[in-house]
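The values are calculated or read from the model by the stated rules, or taken from the named source; none is laboratory data. Just so you know, these numbers come straight off a predicted model, no measurement behind them. Here the Cβ is made from the backbone with ideal geometry for all residues, glycine too, and neighbour counts use every protein chain on show.
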Amino acid sequence: MATETGAHGRQNGAEPRTLRFGVFEMDLRSGELRRQGALVRLQPQPFKVLALLASRAGEVVTREEIQAEVWPAGTFVDFEQSLNFCIRQIRTALGDQAVTPRFVETLPKRGYRWIGGLSHPRALGWLARSHLLVVSSVMEGGANVIAEAARIGTPVIASRVSGNIGMLGRNYPGFFPLFDDRALSDLLKRAYVNADYYEKLKKSLQERKALFSPSAERAALIAAIALPFRAPARSSSRSRRRPRSGSGRRGR
């Protein structure tokens, strides 16, 4: 999720004018929600609740905090009914579901939490404070987040897929077999209780750090573009015609 005050982003500590998450964009001044540029209808109160949750991504926002922000003292409404209505309207606008949420998570008797995305600086802050990063990708790996973890110095435990191997190296000590939950659990426990193993992960990742610098990535891209193009080889086998049945000569 990105926030900005204009073309150049946040300036002089000003409040953000725009919140972006996925294909959605919120204009906090006009009170408009758009999906890929198209206006999505959302009433003012649900919009305020959505803006509050999205601006505090990853945090638990209690029902009391929502009431104080959206329905301050002196506002006479049925708060529970009004809040439930707002959450339903938000989920309808975003195509979200309470059972399998992608944006708004319900925490019973507590409040709500925005899980639709974090701004890049906040995501990096969380990563820097983390003990480990787990990349459990099934196919492509997690190139961007692994590169960020390496720059910050947060050790990585990752699934053994080609994308992660390419980033971390074939002999990286933090791989677990794909779909093997027990192996992942064992590595997590090992990294937590075994200081030597944890330091080995950090050292192995530190050795790859230089590969993820912008200059190194740019040089690798240029080198890849410069490689000569090779057309796929054609098969040299010639198709043979099958003889027609009864086409052979018969003795007279």
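Those residues that are in contact with a strand residue (DSSP E or B) (Cβ under 8 Å, 6 or more places away or on another chain), outside any helix (DSSP H, G or I) and not aromatic (Phe, Trp, Tyr), I need them from the stretch 146-176; list them, please.
Listed by number, the residues that qualify are 154, 155, 156, 157, 158, 159, 160, 174.
Among the numbered criteria (1) at pLDDT 90 or above; (2) surrounded by 18 or more Cβ atoms within 10 Å (Cβ to Cβ); (3) assigned by TED's automatic domain parsing to the domain that holds residue 177, which single criterion is violated by residue 153?
Unmet condition: (2).
Which residue pairs have Cβ atoms under 9 Å apart, sit 6 or more places apart or on different chains, and have a first residue in the stretch 20-42 that is in contact (Cβ under 8 Å) with a residue 24 or more places away in the chain and exposed (fewer than 13 other Cβ atoms within 10 Å of the Cβ) and a second that is in a strand (DSSP E or B) and of a type outside the set (Gly, Ala, Ser)?
Filtered contacts from the stretch 20-42: 41/33.
Of all residues being on the phi < 0 side of the Ramachandran plot and of a type in the set (Phe, Trp, Tyr) in the stretch 171-206, which is modelled with the lowest pLDDT? Just the residue, please.
192
Mind counting the residues in the stretch 127-145 that are within 15 Å of residue 209 (Cβ to Cβ) and at pLDDT 90 or above?
Residues meeting the conditions: 1.
Yes/no per residue for (1) surrounded by 16 or more Cβ atoms within 10 Å (Cβ to Cβ); (2) within 21 Å of residue 129 (Cβ to Cβ):
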site	(1), (2)
164	yes, no
168	yes, no
179	no, no
182	no, no
186	no, no
209	no, yes
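Matching residues to (1) without any contact (Cβ under 8 Å) to a residue 60 or more places away in the chain; (2) farther than 28 Å from residue 123 by Cβ; (3) not assigned by TED's automatic domain parsing to the domain that holds residue 23:
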site	(1), (2), (3)
44	yes, yes, no
50	yes, no, no
58	no, no, no
61	yes, no, no
65	yes, no, no
73	yes, yes, no
77	yes, yes, no
88	yes, yes, no
96	yes, no, no
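Looking at the stretch 19-55, which of its residues are within 11 Å of residue 114 (Cβ to Cβ) and modelled with pLDDT under 90?
Scanning the stretch 19-55 gives 19, 21, 55.
Could you run through the stretch 19-49 and say how many residues are in contact with a strand residue (DSSP E or B) (Cβ under 7 Å, 6 or more places away or on another chain), part of a strand (DSSP E or B) and under 17 Å from residue 103 (Cβ atoms)?
9
To keep it simple, each residue is scored yes or no on (1) touching a strand residue (DSSP E or B) at 6+ places or on another chain (Cβ under 9 Å); (2) part of a helix (DSSP H, G or I).
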residue	(1), (2)
81	no, yes
86	no, yes
97	no, no
109	no, no
117	yes, no
122	no, yes
126	no, yes
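Name the single residue, out of those in the stretch 63-84 being out of contact with any Cys (no Cβ under 9 Å at 6 or more places or on another chain) and within 12 Å of residue 50 (Cα to Cα), that is surrounded by the most Cβ atoms within 10 Å (Cβ to Cβ).
Of everything passing the filter in the stretch 63-84, 83 is surrounded by the most Cβ atoms within 10 Å (Cβ to Cβ).
For the stretch 160-183, which positions are within 15 Å of residue 205 (Cα to Cα) and touching a Pro at 6+ places or on another chain (Cβ under 9 Å)?
Result: 174, single match.
Would you be able to say whether some residue in the stretch 118-135 is out of contact with any Ser or Thr (no Cβ under 8 Å at 6 or more places or on another chain) and within 23 Å of residue 32 (Cβ to Cβ)?
So far as the stretch 118-135 goes, yes, one or more of its residues are out of contact with any Ser or Thr (no Cβ under 8 Å at 6 or more places or on another chain) and within 23 Å of residue 32 (Cβ to Cβ).
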